[in-house]
1. If you count, for every residue in C:263-269, the Cβ atoms of partner chains within 10 Å of its Cβ, what is the mean?
2. Can you pick out the pairs among C:LYS232/C:LYS325; A:LYS53/C:LYS232; A:LYS463/A:LYS533; A:LYS110/C:LYS232; A:LYS53/A:LYS234; A:LYS463/B:LYS163 whose Cα atoms lie more than 20 Å from each other?
3. Based on the Kirkwood radius over alpha-carbon pairs, what value in µm²/s does the Stokes-Einstein equation return for the translational diffusion coefficient of the range A:151-274 at 20 °C and 1.002 mPa s?
4. May I ask you to evaluate 6.51 cos²θ - 1.76 cosθ + 1.60, the Karplus curve with θ = phi - 60°, for each residue of the range A:387-396 and list the ³J(HN,Hα) values in order in whole Hz, giving x for glycine and proline?
5. Which far-off residues, 5 or more places away or on another chain, put their amide H under 5 Å from the one on A:MET369, with H placed in the peptide plane?
6. Is any residue of the range B:235-249 close enough, with backbone N under 20 Å, to a label point placed 7 angstrom from the Cα of B:GLU45 along the Cα-Cβ axis, and if so, which?
7. Sort C:TRP165, C:TRP276, C:TRP184, B:TRP240 by accessible area with a 1.4 Å probe, largest first.
8. What average count of beta carbons from other chains do you get within 10 Å of the Cβ of residues in B:174-181?
Amino acid sequence: MNQPVLGIEDLRVALPAWSDRPLAVDGVSLTIDRNEILCVVGESGSGKSVMAKSILGLLPAPHVRVVNGAIHFENRDLLRAGEGEMRAIRGGRISMIFQEPMVALNPLMKVGAQIDEIFRVHTNVGAQVRRRRVMELFSDVHLPDPERIPDSYPHELSGGQRQRVMIAMALALEPALIIADEPTTALDVTTQAQILTLLKELQGKHGTAVMFITHDFGVVAEVADRVVVMRDGKLIESGATGDVLRDPKADYTRALVSAVPSLHPRHESTGDRPAPALAIEGLNKIYGGRAGLFGGHGRRVHAVRDVSLEVPRGHSVALVGESGSGKSTLARCVVGLEKADGGDVLLNGENIAGYSRKQLKPYRHLVQMVFQDPFASLNPRHRVGDIIALGPTLRGTPRREAWDRAHELLGMVGLQPEAAGRFPHEFSGGQRQRIGIARALAMEPALILADEPVSALDVSVQKQVLDLLDELRRSLALSMLFITHDLRVAAHVCDEIAVMRHGEIVERGPTSEIFASPGHEYTRQLLDSVPGKGWEH
Amino acid sequence: MNTFRQRFMGNPRVIAGLAWLGLVVLVAAAAPLIASHHPFEIVAEPFLIPSLEHPFGTDSLGRSIWAGLVHGARTTLVIAILATLASVAFGTLVGALAGYFGGLVDDGLMRLTEFFQTIPSFIFAIVLVAILTPSATSLIVAIAVVSWPPIARVVRGEVLSVKAREYVQAAVLVGQGDMAILFRQVLPNTLSPLIVTGSLLVATAILIESALSFLGLGAPNLMSWGFMVGAGRSFLRDAWWLVTIPGVAILLTVLSINLVGEGLNDALNPRLSDL
Amino acid sequence: MTGLRLLRYIVRRLLQAVPVILGVTVLCFLLLQLAPGDLAEVLAGESGGASAEYIQDLRARYGLDKPVLVQLAVYVRNVFLFDLGFSFRHSSKVSDLLLERMMPTLLLMGTTLVLSVGLGALSGLFAAIWVRTWRDHVISLGAIIAYATPLFWVGLMLILVFSVWLDWFPTSGMENVVMFYEGWDRALDVAHHLVLPAITLSLFYLALYARLMRATMLEQRGLDYVTTARAKGLTERQITFRHVLRNALLPVVTMAGVQVGALLGGSVVVESVFAWPGLGQLAFEALFSRDFNLLLGIFFISACLVVFVNIVVDVVYVLLDPRIKVDE
């Protein structure tokens, strides 16, 4: 039996006194073998990142510190290694890839120099050799134009390119272990697929051990050889990927796995098409192009281009696209937060495109939004009851009545009616999204526009909120336009889907049909990129 | 996580600052009771060194320095606070309108703010007071006119960031009007940086007021700390206390305001103090 | 950054400065209108003892019988031709006076800028390196006290200690005129006179930059790119000097630009305390002779100076930060 590359033994990491719990990591033991990808899965606050950081001694001292345990690596205990010894290991024998490549790179330093620095710190090779090694690394991670990219600054590269730079940096000295902390979470799904492929390719080539930290079971299914599940600092379950995904032992793991929405569309398209609650025809939106006071021309961006779309009454339509596809801009035009540059937006047959704010007033209640960020969508200084009752009161409902209705609505979205008297900061992310839904319902809208309503939530909470939205839509016969980047989410709640790229809708139709046989190349690419697409639970 | 009150009042610097400020405010409020003499009244021989009878000595004309200090506290505080209130009010208005409405309104107002930030403010204040003829009112006007741009920038920045938050969009969607959104949804959430900047501005206002008074541009008939330093500078060689004592008073007061302002900032933004 | 693009940037910034200067001119005109008496009387200087004919002549030259807008146009034209009027008090053209008094102020300002930015950044850097040790506490305490001290009082205290008691430095002036020094001796003499005023003016800004530098250093040290550097195996020293320092300097450079105007204001106070023969001292004299026109001339030239220094600071910033787009 091979000796494992890394062995963690009963690791305990203490949190500062003001935290909600004493230990961030509570008695974790695990091993990683050579040529193995181990996925560490957990929701936010599970302690997975803290565990990873403590391997390299990168905890934010003095508040967060290791209180017990041992980390065995190449015949020594990293927790008892001296500072000089640790520095030789960092970057040399163990390297790390972070979640946000934009902030993980020094903004004022060329990316080539940032990699070069590793060779300068750890080796004695000359400048020319180093330069050649940097270029080799850049071609290893398939960065285009390895002559030019080293002389670029991080802000001149795309998100995917920056993450490739980070990977090149991690590979520089062929370390025994790479720790990747949510390395694809900040990336678009197609870029994520490319980066995952690259990581697997390079890991196979060099036989490196990889500790891959993620919250996404799809990613686990895609890359992991073995998986450990963490919750509240404790290790809940570990095993071979196939076993854990197919037959989880712990209740928590089972709940997590079953919370991942299936890629099989749940709703069959019924075929009958009632009159549309929302009809968009030939909508355009162009940003920029306005000349500044002292010359200078803003760059023109055609954010939405000739888009036509319908949401039939009582149906839910998913608008799917990656960042920058124009889907959020389209949404803002529909609700009148943004003025369209041509085209029609018909709400219940009334064309509101180009209406001023005053003209919009009588139609405002017809379409309401559920927002993405549960921490920014509720005014922290207002009581929950006032937040929900604001709209109806502005439309003339007496305050008392509006508050009574707010109590009812809170019950409908699964919260205690007493929540009305409290302030937003007393609620969790999922509960806040419920409050946001209640606020939208209070206006009795014909159409709900949900803009990535679950992308900021943990998986288990995601499922609950999605199910709530789906159930409300059916019981109240609501129409819904659902904006998401996540095809699994789309499959879970929507009977129709429209795929958007570069401001245009490339394909639309019933979800089940498009998933079964995508017509457009880009749709196929998106479907292929969904992590863990081959895995169904 | 501690509450705001614990973080604020548990900070020894804040306590020290509040103690001195409390003393100054008390003394300023009760000036006529504490100092039996009018500050411009000649009470003894000139140049008396501090003693039991005249705790801070007398100046070149034989006026009581204690009386000057006590009445000077009044002048300095009232002028600084009124000037700060005026510039906070104006700066908030400009910043809020620029940040909320954006576009041409923002362009215009920000050009104006940058302009006022570019011109050398203290020299501008000197010119203003000189041309308006020195008085308490012209001091307040001059200080306010040169102090509002930082407030406008802070408020604009905050309004821009709050405006982008989704609860503001939600308010638009339920049909709340612009002014109601600005005053009920946006501005209340910009208060904490505004309070911090505003409180630190009082310190700057005191420094400007005393520098103007030192140059002889103070309000005539009103004793102030800067004026006392200015009047005593010719006698530096022989009567050091004329200059030293009021200077220390200015220093301690400005220092205390800064300590309290920073304490407020640390208590309102706890992450920074965790570093 | 190619030289040509930088040059284009500088030219554009210079063009953008024109409306600002125009604004200052209009503001000067408005202030003249605010002053008691009509424009000619103000321009002549109240205690200047100008003859009645001269006042008549001024009225004609500035078109005071014409509408205000014409007066404004005449005024703006004159200012842009650098004709700022005549000071009877000094029996000299205002523009000549300003040019003559500019050099001492520039010397004082330049010295102060170098001293305060250099030492300020350095002490902030060390305070951050030694954070929460007694050395950090000493620097931070010194900074917060210096930050609260009125300039004029610092000047007077320094005179009291170093001139009156210790007799190390002269109390006033820029040079010992009766000695007729030349060459290096003269430079040394000026430097000797410069010590106290420069320290006085620097102290406040030194404290400001030290506090800013310390705060940004600490803030930057918490950012992810520092964790990356640490994960690469760099020493704390390498992290500080190769990565954090340059990032932390950017806000200090910005602040230095913002503070130039205040620095000029401070030099009025400092020059009047040390009788330093610069623009500030001239302003102090103009105040007492109620020579508003001269005062406005000083205000105008100071504003031009600030605009110019701001452009220099912007160019430095562009060189330091690759993220700034120079061709918009």
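The values are calculated or read from the model by the stated rules, or taken from the named source; none is laboratory data. What you see is a predicted model, and the numbers here were worked out from it, not measured in a lab. So basically every Cβ, Gly included, is an ideal-geometry build from the backbone, and we count neighbours across all protein chains shown. To get the accessible areas, we keep the full protein, side chains included, count just its heavy atoms, and leave off ligands, DNA and RNA. Shrake-Rupley method; radii C 1.70, N 1.55, O 1.52, S 1.80 Å.
1. 5
2. Where the Cα-Cα span goes over 20 Å, the pairs concerned are C:LYS232/C:LYS325; A:LYS463/B:LYS163.
3. Using the Kirkwood radius from Cα pairs, D works out to 127 µm²/s.
4. 4, 6, 7, 4, x, x, 4, 5, 8, x
5. A:LEU449
6. B:235-243
7. Ranked from most to least accessible, the order is C:TRP184, C:TRP165, B:TRP240, C:TRP276.
8. That works out to 5 on average.
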